[in-house]
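Comments concern the structure below.
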Amino acid sequence: MGFLQRLFFTVIAFSSITILAQSDDGIEAEIHSLLSKMTIEEKIGQTSLRGTSSRVDGSLSDELKSAVREGRIGAFLNVMNTDYVKELQKIAVEESPNKIPLLFGRDVIHGFKTIFPIPLGIAATWNKDVAKSGARISALEASSVGIRWTFAPMLDISRDARWGRIAESPGEDPFLASVLAKAYIEGFQGEDLKSSTSMAASIKHFIGYGAAIGGRDYNTVIIHNALLHNVYLPPFKTAIDAGALTLMTAFNEINGIPATGNKFLLKDLLRDELGFNGFIVSDWASVTEMIAHGYARDYEHAAELSIKSGMDMEMSTHAYENSIQKLMDKNLISEKELDFLVANILRVKLKMGLFEKPSFPSNEQNVFYKTEYLEAAKNAAIESFVLLKNEDVLPLSSNQTFAVIGPLADAPHEQLGTWTFDGDKEKTITPVDAFQNSSIDFMFAQGLTYSRDKSTELFEEAISAAENSDVILFFGGEESILSGEAHSRANIDLPGAQEELISKLAETGKPIVLVIMAGRPISIMNIIDKVDAVLMAWHPGTMGGPALFDVLAGISEPGGRLPVTWPKDGAQSPIYYNHKNTGRPADQFNYTNIDDIPIGAWQSSIGNRSHYLDLGYKPHFPFGYGLTYTDFEYSDISISSKSIQVNESVEISAKVKNIGSRKGREVVQLYVQDVVASITRPVKELKGFEIITLNPGEEKTIKFTINPKDLSFVTFNDERVLEPGKFNVWIGPNSSSGINSSFELK
Ligand code: NOJ
């Protein structure tokens with residue numbers, strides 16, 4: 001292979017085109033005119049995002065009202081009293097010097113009132129329409145109380161199931177995450193930014209937060225430039241191209257510099273290369289946390305570093321508010337630098353039409369939990385469920401009797417998952433509720449009262465229910481508090497005495513269906529052989545119960561495919577399908593399990609390969625995996641040309657046939673491998689997928705087009721290159737199987 005024909009994409013040229021396309025002369029003129037009228041104090045005010053709004057006695061403080069009146073605050077988060085929203089906004093647009101409207105934000109992550117599955121569950125649907133409609137419904141509900149800004153979507157690529165925030169992520173794959181990113185932006189922001197139901201998205205956390213070493217939240221991140229561009233950046237780029245209005249920095253440092261004061265990330269990469277012209281908000285206190293990072297000396301220095309990096313708005317802490325004037329007096333920052341930040345913030349407010357129509361809570365009634373919203377949430381949950389194992393037990397048959405057991409069977413708060421401040425548990429329908437609403441014969445015996453419960457007190461009752469039923473349905477997993485921010489786990493098994501209870505139930509000889517509700521993949525190595533089916537339900541949200549009922553009963557089929565590799569154990573993390581091959585790739589011929597190593601074995605007799613002696617080298621389930629209630633057969637892979645030029649595209653197709661007896665949904669996946677390159681490339685990369693539904697016996701030809709740009713990658717020198725050589729391709733049901741072919745790029 002030679003590198004003579006490397007094709008260079010000039011990244012800078014691309015970004016300047018984006019800037020031009022996005023610019024709006026009217027808005028820029030308006031910004032200019034406002035800046036010329038604003039005092040320094042007002043400009044500083046725009047950069048301040050206040051985290052609290054009310055005193056405990058329930059009334060707005062005079063201090064806060066005066067601050068808004070004097071233009072000293074630009075935005076609020078978490079003001080949930082609609083009277084306060086009205087009062088503050090009224091003061092801002094009627095009494096403040098330049099009548100600049102406030103922006104009210106909140107973490108509306110996977111639903112406001114109607115709660116959808118956690119983002120990792122939404123990712124498991126692989127369905128952009130599901131992501132988009134969930135985001136739209138969230139915006140419709142939240143904007144009714146005056147919230148026009150959400151701190152979502154989180155676009156952090158996550159390769160470590162121990163990391164608590166994997167629950168909030170789009171999973172491990174840049175291609176799938178990019179598809180979802182676009183859908184989220186379209187959903188949250190809607191078709192018209194000026195509509196009173198449009199909610200500005202904040203793509204977060206820029207960048208690399210998911211790569212925290214060891215999966216420990218907030219931990220150090222080291223990502224080289226090529227990895228950054230090829231893996232972590234694509235979903236952010238897609239979201240920016242889709243018009244994301246705001247972006248949040250990450251808590252972590254990356255390569256030694258905290259993301260919130262990182263000029264390379266926030267100026268060179270984000271503004272110059274990606275052409276982002278919305279505003280950047282810090283994460284909660286991440287400006288002042290640069291002191292603990294060991295990067296800033298004090299608040300003033302922290303503010304200076306962030307401002308110099310072009311970080312526009314500070315969340316919750318007051319370094320900007322208290323330091324900007326001082327920094328200007330010392331000539332450490334200029335008014336021009338301050339104007340840059342303020343212009344970005346005003347641009348978003350102007351684009352959203354807030355000056356003409358400031359956001360106020362609407363007085364509309366019955367905005368929450370509309371029938372169609374609940375239907376959409378139920379459908380999203382159904383499509384998110386991933387069937388991991390099924391030995392002829394699912395779907396259930398209606399003439400059987402059931403023992404419904406487990407800590408998550410009737411836990412309305414827990415099934416909502418992380419980041420659900422506003423969803424009401426009273427509105428949540430659990431599996432037990434759903435069974436009660438049916439004519440199915442079942443007994444409910446919890447066995448354990450919560451997921452970490454270690455008491456065996458209720459075991460007997462559960463075992464007796466099991467003995468008196470045909471099938472055991474065990475709803476286990478993690479409470480919502482066990483995933484999410486600052487909730488990383490080293491062991492990712494079923495907490496408490498769940499494994500013990502499952503083992504006891506298995507002794508009854510009755511078939512067991514294990515339904516897992518959790519914010520991450522769970523290690524089920526110890527119990528998988530004791531159960532007959534495993535269904536991953538993530539934290540499924542408000543309508544989790546009815547969705548699970550329909551899937552278990554066979555009214556619907558589980559639609560999900562894993563958006564992350566499922567490890568055997570936390571100790572196998574980080575683990576991801578698109579890894580590098582190494583010089584000594586593991587395989588079955590060179591692997592000896594720790595228990596099979598002969599005593600006194602010679603040093604190299606057990607295969608010097610990249611594996612663990614005790615956990616092997618394969619995950620429990622691969623990325624993209626998920627069973628259905630039917631079977632699909634892949635055949636006849638065909639490629640339009642075995643050899644293409646750098647300016648040509650190639651078409652790859654395969655036949656997919658439903659060879660089972662039920663109608664079924666399949667996610668047909670396309671993977672590509674660049675076999676030899678100037679920097680090593682992953683063993684496989686997802687480059688396309690298509691969701692199809694086939695009747696029994698029905699066959700369809702699925703065609704994918706690969707364009708040269710899909711084969712390009714970024715090198716250490718920041719160049720996007722396309723290198724000639726051999727490419728392997730697979731079309732299949734997941735990342736570890738499928739039928740393959742190859743072609744040559746000349
Ligand atoms: C901290 C989290 O990291 C971020 O994602 C969230 O949006 C903010 N807090 C605001 O709640």
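Side notes on the structure shown:
- Selection of the stretch 612-629 for residues being farther than 14 Å from Ile524 by Cα, assigned to a loop (DSSP other than H, G, I, E, B) and over 22 Å from the mean Cα position of the chain (by Cα) yields Leu613, Asp614, Tyr617, Lys618, Thr628, Tyr629.
- The set of residues in the stretch 194-224 that are farther than 19 Å from Ser282 by Cα, part of a loop (DSSP other than H, G, I, E, B) and of a type in the set (A, V, I, L, M) comprises Ile222, Ile223.
- Unmet requirement for Glu94, which otherwise passes all of (1) in contact with a helix residue (DSSP H, G or I) (Cβ under 8 Å, 6 or more places away or on another chain); (2) over 30 Å from Glu375 (Cβ atoms): (1)
- One residue from Asn728, Asn707, Asn740 being closer than 20 Å to Glu633 by Cα and either over 25 Å from the mean Cα position of the chain (by Cα) or surrounded by 19 or more Cβ atoms within 10 Å (Cβ to Cβ) (or both): Asn740
- Pair list, Cβ < 8 Å and 6+ apart or interchain, from the stretch 270-291 residues that are under 17 Å from Gly105 (Cβ atoms) to residues that are open to solvent by 10 Å² or more (accessible area, probe 1.4 Å) and outside any loop (DSSP other than H, G, I, E, B): Gly278/Arg347; Phe279/Arg347
- Flag for Ala547 being part of a helix (DSSP H, G or I) and either buried (at least 21 other Cβ atoms within 10 Å of the Cβ) or touching a residue at least 24 places away in the same chain (Cβ under 8 Å) (or both): yes
- For the stretch 307-320, filtered to residues that are away from the ligand (no atom under 16 Å from the Cβ) and not in a loop (DSSP other than H, G, I, E, B), the residue that is farthest from Val348 (Cα to Cα) is Ala319.
- Matching residues, the stretch 253-270, being crowded, with 19+ Cβ neighbours inside 10 Å and closer than 19 Å to Met313 by Cα: Glu253, Pro258, Ala259, Thr260, Gly261, Asn262, Leu265, Leu266, Leu269, Leu270
- Entry remark, the stretch 209-249: residues being farther than 28 Å from Gly353 by Cα and within 16 Å of the ligand (Cβ to nearest atom) number 10 in total.
- Condition check for Leu155 on (1) open to solvent by 10 Å² or more (accessible area, probe 1.4 Å); (2) within 16 Å of the ligand (Cβ to nearest atom); (3) of a type in the set (A, V, I, L, M): one failure, at (1).
- On inspection, Phe206 qualifies as within 16 Å of the ligand (Cβ to nearest atom), aromatic (Phe, Trp, Tyr) and crowded, with 24+ Cβ neighbours inside 10 Å.
- Asn331 being surrounded by fewer than 24 Cβ atoms within 10 Å (Cβ to Cβ), at pLDDT below 95 and in a loop (DSSP other than H, G, I, E, B): no
- Within the stretch 465-482, considering residues that are in a helix (DSSP H, G or I) and open to solvent by 50 Å² or more (accessible area, probe 1.4 Å), the one nearest to Lys530 (Cα to Cα): Glu467
- The residues of the stretch 280-303 that are away from the ligand (no atom under 15 Å from the Cβ), assigned to a helix (DSSP H, G or I) and surrounded by fewer than 24 Cβ atoms within 10 Å (Cβ to Cβ), listed by number, are Ile291, Ala292, His293, Tyr299, Glu300, His301.
- From Ser362, Ser323, residue being of a type in the set (S, T, N, Q) and part of a helix (DSSP H, G or I): Ser323
- Residues (open to solvent by 40 Å² or more (accessible area, probe 1.4 Å) and outside any strand (DSSP E or B)) located in the stretch 630-640: Asp631, Ser640
- Of the numbered criteria (1) part of a loop (DSSP other than H, G, I, E, B); (2) under 30 Å from Pro153 (Cβ atoms); (3) in contact with an Asp or Glu (Cβ under 8 Å, 6 or more places away or on another chain), the one Asp410 fails is (2).
- Output for the stretch 158-178, where each listed residue is open to solvent by 10 Å² or more (accessible area, probe 1.4 Å) and either among the hydrophobic types (A, V, I, L, M, F, W, C) or in a loop (DSSP other than H, G, I, E, B) (or both): Arg159, Arg162, Phe175
- Residue check: Ile594 meets all listed conditions (1) open to solvent by 50 Å² or more (accessible area, probe 1.4 Å); (2) closer than 26 Å to Arg216 by Cα; (3) free of Cβ contacts under 8 Å to residues at least 40 places away in the same chain but one, namely (2).
- Which listed residue, of Glu186, Glu191, is modelled with pLDDT of 95 or more, open to solvent by 10 Å² or more (accessible area, probe 1.4 Å) and either within 15 Å of the ligand (Cβ to nearest atom) or within 17 Å of the chain's Cα centre (by Cα) (or both): Glu186
- Flag for Gly496 being without any contact (Cβ under 8 Å) to a residue 24 or more places away in the chain, at positive phi and open to solvent by 10 Å² or more (accessible area, probe 1.4 Å): no
- Among residues of the stretch 261-308, those that are under 24 Å from Ala242 (Cβ atoms) and of a type in the set (Ser, Thr, Tyr), counted: 1
- Looking across Thr125, Thr150, one residue alone is among the hydroxyl-bearing types (Ser, Thr, Tyr) and within 21 Å of Glu478 (Cα to Cα). It is Thr125.
- Taking the listed residues Ala131, Ala167, the one that is over 19 Å from Ser195 (Cα atoms), under 11 Å from the mean Cα position of the chain (by Cα), more than 16 Å from the ligand (Cβ to nearest atom) and at pLDDT 95 or above is Ala131, with no other qualifying.
- Only residues that are within 16 Å of the ligand (Cβ to nearest atom) and aliphatic (A, V, I, L, M) were counted across the stretch 140-152, and they come to 3.
- When the criteria are applied in full, Gly509 meets the requirement of being surrounded by fewer than 23 Cβ atoms within 10 Å (Cβ to Cβ) and either closer than 30 Å to Val683 by Cβ or free of Cβ contacts under 8 Å to residues at least 24 places away in the same chain (or both).
- Subset of the stretch 1-54 (residues that are β-branched (Val, Ile, Thr) and modelled with pLDDT of 95 or more): Ile27, Ile31, Thr39, Ile40, Ile44, Thr47
The values are calculated or read from the model by the stated rules, or taken from the named source; none is laboratory data. Note that the coordinates shown come from a computational prediction; the quantities given were computed from them, not determined experimentally. Using ideal geometry, Cβ is built from the backbone for each residue, glycine included, and neighbour counts are taken over all protein chains shown. Heavy atoms of the whole protein, side chains included, go into the accessibility calculation; ligands, DNA and RNA do not. Shrake-Rupley method; radii C 1.70, N 1.55, O 1.52, S 1.80 Å.
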